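Q: One structure coming up, written as structure tokens, with questions to follow.
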Amino acid sequence: MDVKNDKHADARGESNLLNIYCNHCGKWLMLYQKDGLGELFRLYLDRIHAPETLDAMKCAEDGMFRCKSCGKAIGIMADYVPEDRMAIVLFSKAIIERLSDGALPAPDILKKREMIIPGVDLDDIARRNNSEPEKVKKLIAMAKKSMISTSKSFIVKEYGLDHALKVVRNGVGRIITPAGRFWLFDFSLNDEWQKYYVVYYGKLDADFMPDIGDRIALRIDSGCESGQKFGDLTCDCRDQLLRAMKLVAQIGYGLVINIPHQDGRGMGMPFKLATLTLQDELGLNTVEAASVLTDAGEIDRRSYAGVVGILNFLGISNHKKLRLITNNPCKNDIFAENGYYLSEKIPIVIPPTDHTRHHLAAKGRFLGHRDLLLIEESEPWR
């Protein structure tokens, strides 16, 4: 099969034909011409040599392109403005690339890869779980269904403006934590923060929707990689997250919405890392360190419209009463603006340490956070 030569191929250099496979199920997707070297971030439509496969991958409902075998989204259509060409912008690790001689692969080309997976005996699985094969099949079908992304759109108000949000549930599964068994949801939104996780304690129906009463406990958890992932002692974010999950489990139903890209109060990870250096080298508290790094005086950029979008996706409308787990009164406003009634505000109280005490005092004094030092008298300002 001949390669397509035009100004794009000439500009990039040598072209290669690639067989493109789904990284989820391993099935062949298309034959693609890649011009030049470098990583493959997008698939230009004029470089796809088997257009009939493209038609099979289109999904008009949400604009995604999906593997025709397993349904997993590999990317989304976009106009690549610098070259005035249409392309599929690939999601991270969505595909596998293999050099091709130009011939379309046989249907069983990945047979060797598939055979690496051990055989599954449903009867044996049923015996091990003291269950029936039909029940095992239903659970497997449910797990497969949980991988199919679902999207909904909502209008959410924040700061007096309407925000058109597209909320996509990418997947959901069970996790076992020190606080108990929870459902973990993976969400994507078309807002600044993009990535959201929901840790839910309670029952789900067949469509993975929460089965809850009139009141539900809720915690908004901004991301903190330095503390929650790497154990930095100058914050109590990891303890707060675990404490919130334990509170939700004790109440019996509720959720924690984690927004990982809101690290550093939404200022970003590089900014946050710079503040940590100043805290360590100069003994500054978290507010001082942030303030000296910004000329605009803004040290908290977080917004919470996406939280309301996720609540609506999960069927938690403003008819429900919320028990908000927070020390930050700024997190109240988004709910009032969208008609939610806060029936209770539950503080998160973590015993202060020598590493956190003056940061907590600064948050209380300058950012209005409440009840951070409930278990001891607030120390003199330093």
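The values are calculated or read from the model by the stated rules, or taken from the named source; none is laboratory data. These figures come from a predicted structure and were not determined experimentally. Virtual Cβ from ideal backbone geometry, glycine too; neighbours counted across all protein chains shown.
Q: Between a first residue in the stretch 287-306 that is at negative phi and a second residue that is among the basic types (Lys, Arg) and in a loop (DSSP other than H, G, I, E, B), which pairs have beta carbons less than 9 Å apart while being 6 or more apart in sequence or on different chains?
A: Between residues of the stretch 287-306 that are at negative phi and residues that are among the basic types (Lys, Arg) and in a loop (DSSP other than H, G, I, E, B), the close pairs are ALA290/ARG265; ILE299/ARG265; ASP300/ARG265; ARG301/ARG265; ARG302/ARG265.
Q: With TRP193, TRP183 as the choices, which residue is assigned by TED's automatic domain parsing to the domain that holds PRO329 and either under 23 Å from GLY339 (Cβ atoms) or surrounded by fewer than 16 Cβ atoms within 10 Å (Cβ to Cβ) (or both)?
A: TRP193
Q: Restricting attention to the stretch 115-170, and to residues there that are under 24 Å from the mean Cα position of the chain (by Cα), of a type in the set (Gly, Ala, Ser) and more than 28 Å from CYS25 (Cα to Cα), which single residue is surrounded by the fewest Cβ atoms within 10 Å (Cβ to Cβ)?
A: Among those residues, the one meeting the criterion is ALA164.
So that you can scan it fast, the table gives a plain yes or no per residue for (1) touching a helix residue (DSSP H, G or I) at 6+ places or on another chain (Cβ under 8 Å); (2) closer than 14 Å to GLY71 by Cα:
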| residue | (1), (2) |
| --- | --- |
| SER149 | no, yes |
| SER153 | no, no |
| VAL167 | yes, no |
| ARG174 | no, no |
| THR177 | yes, no |
| GLY180 | yes, no |
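Q: Quick one: is GLY213 touching a Phe, Trp or Tyr at 6+ places or on another chain (Cβ under 9 Å), surrounded by fewer than 15 Cβ atoms within 10 Å (Cβ to Cβ) and at pLDDT 95 or above? Even if it seems obvious, please write down each step before you answer.
A: Details: touching a Phe, Trp or Tyr at 6+ places or on another chain (Cβ under 9 Å): yes; surrounded by fewer than 15 Cβ atoms within 10 Å (Cβ to Cβ): yes; at pLDDT 95 or above: no.
Taking the combined requirement at face value, the residue does not satisfy it.
Q: Sticking with this one: Which one is modelled with the highest pLDDT among residues in the stretch 216-231 that are crowded, with 17+ Cβ neighbours inside 10 Å and assigned to a loop (DSSP other than H, G, I, E, B)?
A: CYS224
Q: Which of (1) in contact with a helix residue (DSSP H, G or I) (Cβ under 9 Å, 6 or more places away or on another chain); (2) closer than 26 Å to ALA361 by Cα; (3) surrounded by 15 or more Cβ atoms within 10 Å (Cβ to Cβ); (4) of a type in the set (A, V, I, L, M) does LEU247 not meet, given it meets every other one?
A: So the condition that LEU247 fails would be (1).
Q: Is it true that LEU99 is at pLDDT below 80, surrounded by 13 or more Cβ atoms within 10 Å (Cβ to Cβ), out of contact with any Gly (no Cβ under 9 Å at 6 or more places or on another chain) and among the hydrophobic types (A, V, I, L, M, F, W, C)?
A: It is false that LEU99 is at pLDDT below 80, surrounded by 13 or more Cβ atoms within 10 Å (Cβ to Cβ), out of contact with any Gly (no Cβ under 9 Å at 6 or more places or on another chain) and among the hydrophobic types (A, V, I, L, M, F, W, C).
Q: Here's another thing I want to ask about it. Going by the conditions given, is THR294 more than 17 Å from GLU192 (Cβ to Cβ), among the β-branched types (Val, Ile, Thr) and in a helix (DSSP H, G or I)?
A: For THR294, the condition - more than 17 Å from GLU192 (Cβ to Cβ), among the β-branched types (Val, Ile, Thr) and in a helix (DSSP H, G or I) - is not met.
Q: Which residue is surrounded by the fewest Cβ atoms within 10 Å (Cβ to Cβ), if the candidates are limited to the stretch 342-359 and must be in a strand (DSSP E or B) and either in contact with a Pro (Cβ under 9 Å, 6 or more places away or on another chain) or of a type outside the set (Gly, Ala, Ser) (or both)?
A: Filtering first and then ranking leaves GLU344.
Q: For ILE310, which of the numbered conditions (1) in a loop (DSSP other than H, G, I, E, B); (2) hydrophobic (A, V, I, L, M, F, W, C); (3) closer than 19 Å to VAL199 by Cα fails to hold?
A: It is condition (1) that ILE310 fails.
Q: Mind checking which pairs have a first residue in the stretch 175-203 that is under 23 Å from GLY264 (Cα atoms) and a second that is of a type in the set (Asp, Glu) and modelled with pLDDT of 95 or more, Cβ under 9 Å, 6 or more apart or different chains?
A: Correct list of pairs: LYS195/ASP186; TYR196/ASP186; TYR197/ASP186; TYR197/ASP221; VAL198/ASP186; VAL199/ASP221.
Q: Search the stretch 256-291 for residues being among the β-branched types (Val, Ile, Thr) and assigned to a helix (DSSP H, G or I), and hand back the single one that is surrounded by the fewest Cβ atoms within 10 Å (Cβ to Cβ).
A: Restricting to residues being among the β-branched types (Val, Ile, Thr) and assigned to a helix (DSSP H, G or I), the top hit is THR277.
Q: Is the stretch 75-83 home to any residue that is modelled with pLDDT under 80, under 15 Å from CYS25 (Cβ atoms) and within 27 Å of the chain's Cα centre (by Cα)?
A: Scanning the stretch 75-83 turns up no residue that is modelled with pLDDT under 80, under 15 Å from CYS25 (Cβ atoms) and within 27 Å of the chain's Cα centre (by Cα).
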